[in-house]
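For reference, the structure discussed in these notes is given below.
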Amino acid sequence: MKKVIVIPARLESKRFPRKVLIDLNGKTLIERVYNNSLEADVSDVFIATDSKEIKAECLNFTKNIIMTSKNHISGTDRIAEAINNIDCDIVINIQADEPFINKITINNLFKCFDDEKVLMASVMEQIVNKSKLNDPNYVKVRVDKSNNAIFFSRFPELREKSKWLFKNRNYKSDFFIHQGIYGFKKDFLLKFSKMKPTYFEKTERLEQLRALENGFKIRMIKSKFQSIGIDTVDDFKEALKFLKNENK
């Protein structure tokens, strides 16, 4: 079974423009994501982008760069174009703002696909700080007894006034933070990318809801490693502190 990782990267992030090229303690954010990806048990790692500037920067450390259309509405749609002509069975999408995704987490995500019924999978971590439950920069997920996702949301109360996350009496065991990493069987990824964006996907701005709204399951695995997804300047500052403590 041939396994690849694709990192979708763009410059036009609304909350933190140009973040993938920001210097994170001597290396750009995108380079750190790429290097971490190489540590996993993977056949190859690619970067998919629509930016010539990102390509020029990435050529300093890899030639595995695939230029894609500027018209994609999500990173998943971008990697679907990128892997169309790549010989592979399983594709993992690691978002370009996740510099600390651990190789153990990546390898465990690949193992999900030993179960032939799994078409799509992703990663979650325990909520250890209740403030994250109310922070829209942290995507929350709730799962069923088989660890399949029930729903994802940025808010403790959905924009449609649902009480799905409002009842958070036991948030440490019932709710998790979603990490920015997805796994797909290649055939399903190509199918997924042709589905029209769905209502809750557009409402929540979360592409994974497209799969759930079309009746497909997303298997979730728990990671013991906390990730720092860099969505804001405050996240960037937290990442610098993390690296400083790690190098002590």
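Each DSSP beta bridge with both residues in the chain is either parallel or antiparallel, and the antiparallel ones are about 55%. Kirkwood hydrodynamic radius computed over region 179-248 comes to 14.8 Å, based on all pairs of distinct alpha carbons.
Computed over the chain, relative contact order equals 23 percent, with contacts defined as Cα pairs under 8 Å that lie 6+ residues apart. Show the residues, 5+ positions off or on another chain, whose built amide H is closer than 5 Å to the amide H of ARG154. Those lying under 5 Å, H to H, from ARG154 are LYS140. When DSSP beta bridges are restricted to pairs lying wholly in region 1-101, around 15% turn out antiparallel.
Residues whose amide H lies under 5 Å from that of ALA48, counting only those 5 or more places away or on a different chain, are ILE7, ALA9, ILE66; hydrogens are built 1.01 Å from N in the peptide plane.
Coordinate-derived values only; no laboratory data. If you're wondering where the values come from, they're calculated on a predicted model, not measured in any experiment.
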